[in-house]
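**Q** Take a look at the following structure, please.
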Amino acid sequence: MKKTITKFKFTEYFEKEVIRKRPYLKKEWCIEIINNPIKEELQENNRYRFWGEVKELNGRIIRVITLNDKITIHNAFPDRRFKK
């Protein structure tokens with residue numbers, strides 16, 4: 001079952017730093033990546049990594065980091081070194 005935008009939360013870091021540094025990123029893209037990742041894995045500190053392709057960014061791969069609940073988005077950035 002897909003999670004809707006209302007179920008997702010964003011950390012203060014995401015709201016104040018990530019969006020400021022990367023204003024081209026959209027929250028909707030981050031949510032879509034979490035709902036339909038190319039790849040997902042557990043990261044240190046009980047966080048999760050999700051990768052997805054964003055067609056609107058010429059197919060670039062974006063990595064989205066969530067807290068351990070998988071619904072609180074903490075970070076997002078282009079991942080130039082992603083390998084499937």
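**Q** Kindly provide the set of residues from segment 25-47 that are open to solvent by 50 Å² or more (accessible area, probe 1.4 Å) and within 16 Å of Thr11 (Cβ to Cβ), ordered by number.
**A** Listed by number, the residues that qualify are Lys27, Asn45, Asn46, Arg47.
**Q** OK, next. I'm checking my understanding of the structure. Among residues of segment 48-60 that are within 10 Å of the chain's Cα centre (by Cα) and surrounded by 18 or more Cβ atoms within 10 Å (Cβ to Cβ), which one is nearest to Glu32 (Cα to Cα)?
**A** Gly52
**Q** Can you find, within segment 61-84, the residue that is surrounded by the most Cβ atoms within 10 Å (Cβ to Cβ) among those that are among the basic types (Lys, Arg) and at negative phi?
**A** Once the filter is applied, the top-ranked residue is Arg63.
**Q** Residues of segment 21-50 being polar (S, T, N, Q) and within 12 Å of His74 (Cβ to Cβ), which ones?
**A** Gln43, Asn45, Asn46
**Q** Tell me which residues, restricted to segment 35-60, are out of contact with any strand residue (DSSP E or B) (no Cβ under 7 Å at 6 or more places or on another chain) and at positive phi.
**A** Result: Asn45, Asn46, Asn58.
**Q** Which count do you get for residues in segment 38-65 that are in contact (Cβ under 8 Å) with a residue 24 or more places away in the chain and within 20 Å of Lys7 (Cβ to Cβ)?
**A** 3
**Q** Right, here's the next one. Got a number for residues in segment 1-24 being within 17 Å of Ile71 (Cβ to Cβ), open to solvent by 40 Å² or more (accessible area, probe 1.4 Å) and either among the aromatic types (Phe, Trp, Tyr) or touching a Cys at 6+ places or on another chain (Cβ under 7 Å) (or both)?
**A** The qualifying residues number 2.
The values are calculated or read from the model by the stated rules, or taken from the named source; none is laboratory data. Keep in mind that this is a model prediction, so the values were computed, not measured. As a convention, Cβ positions derive from the backbone with ideal geometry for all residues, glycine included, and neighbour counts pool all protein chains shown. Ligands, DNA and RNA are excluded from the accessible area calculation, which covers all protein heavy atoms including side chains. Shrake-Rupley method; radii C 1.70, N 1.55, O 1.52, S 1.80 Å.
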